[in-house]
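Just so it is clear, none of the values below were taken in a lab; they were calculated from the coordinates. Keep in mind the model is a prediction, meaning the values are calculated, not measured. Methodologically, a virtual Cβ is constructed for each residue, glycine included, from the backbone with ideal geometry; neighbour enumeration extends over all protein chains shown.
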Amino acid sequence: DQQVKQNSPSLSVQEGRISILNCDYTNSMFDYFLWYKKYPAEGPTFLISISSIKDKNEDGRFTVFLNKSAKHLSLHIVPSQPGDSAVYFCAGGSYNTDKLIFGTGTRLQVFP
Amino acid sequence: KAGVTQTPRYLIKTRGQQVTLSCSPISGHRSVSWYQQTPGQGLQFLFEYFSETQRNKGNFPGRFSGRQFSNSRSEMNVSTLELGDSALYLCASSTGQGGQPQHFGDGTRLSIL
């Protein structure tokens, strides 16, 4: 049972434009969600998180939106930069454990 | 502040052997979690240790085990290796307080021949 889904395996965006990465979940018990970025041969790097009681969280160029009724979250990157090219994972977690449920990732390519 | 350190970075084993992977968390972090990453499967949760106790376990066979020491360092052991165990094994640490982000090491790439 895939509780967290990233249905787009890849996304290509021009530099300076907005990148929108999407994530759907089925488990209503998640207390918070996180986005991680992963470069080849490196571990995932934490980007931004959002509590399940919020609908938006912003940190610099990164904004995460949560739509609980649709069980959908998205990560917006504005403006996109070539250095943002990486695989992005969304994950759901609960406050009583560090167990995270990850999606399968979306590969973002930002071209000049 | 030093990050999460995993050793070794690469490992080649043959079927039937066993392997031990090591993880040193960020100083002050008491929770260590392990994940397996395979192509197309994303990151699959193996187990989490907090203050030397296993706090949560994923859906992996008993061949996968772990432990945590008093200094929060953790080891993961896989016995009777199978070809399907070839993967990137990632360790993450956090304070263990709910909602805090986990910080990952660069992983151990395990290849089974």
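Simple rule: put +1 on each Lys or Arg Cβ and -1 on each Asp or Glu Cβ in the stretch A:16-66, find the dipole, and look at A:63, A:16, A:40; the Cα lying farthest toward the positive end is A:16. Modelled label positions at residue B:11 and residue A:54, each set 7 Å beyond Cα in the direction of Cβ, lie 3.7 nm from each other. Give the total of Lys-Lys pairs in the protein assembly as shown with Cα-Cα distances below 14 Å; include a pair only if its members are 8 or more places apart or on different chains. Final tally of qualifying lysine pairs is 6.
Roughly how crowded by other chains is peptide A:83-96, in terms of the mean Cβ count from those chains within 10 Å of each of its Cβ atoms?
Values: counts 0, 0, 0, 0, 1, 0, 3, 1, 5, 0, 5, 3, 4, 3.
Taking the mean over all residues of the peptide, I get 2.
Across chain B, where is the longest run that never hits trypsin sites (Lys or Arg not before Pro) in a DSSP loop with at most 13 other C-beta atoms within 10 Å? Answer from the scan: B:64-113. Of the trypsin sites (Lys or Arg not before Pro) found in the stretch A:5-112, those that fall in a DSSP loop while having at most 13 other beta-carbon atoms within 10 Å are A:17.
Charge dipole of the protein assembly as shown (Cα centre as origin; +1 on each Lys and Arg Cβ, -1 on each Asp and Glu Cβ, all else neutral): 200 debye, rounded to the nearest 20.
Count the net charge of all other residues whose Cβ sits under 14 Å from the Cβ of residue B:106, scoring Lys and Arg as +1 and Asp and Glu as -1. Could the numbers behind the result be given before it?
Working: positive: A:37, A:38, B:9, B:109; negative: A:42.
The answer is +3.
Taking amide H positions as modeled 1.01 Å from N, with prolines and chain starts lacking one, the residues under 5 Å from residue A:105 and 5 or more places away or on another chain are A:6, A:90. Under the Karplus relation 6.51 cos²θ - 1.76 cosθ + 1.60, θ = phi - 60°, what is the ordered set of whole-Hz ³J(HN,Hα) values for the stretch A:75-86, x standing for Gly and Pro? Once rounded to whole Hz, the list reads 10, 10, 10, 9, x, 6, 10, x, x, 7, 5, 5. Centre-to-centre, using Cα atoms only, the stretch A:45-109 and the stretch B:79-95 are separated by 24 Å.
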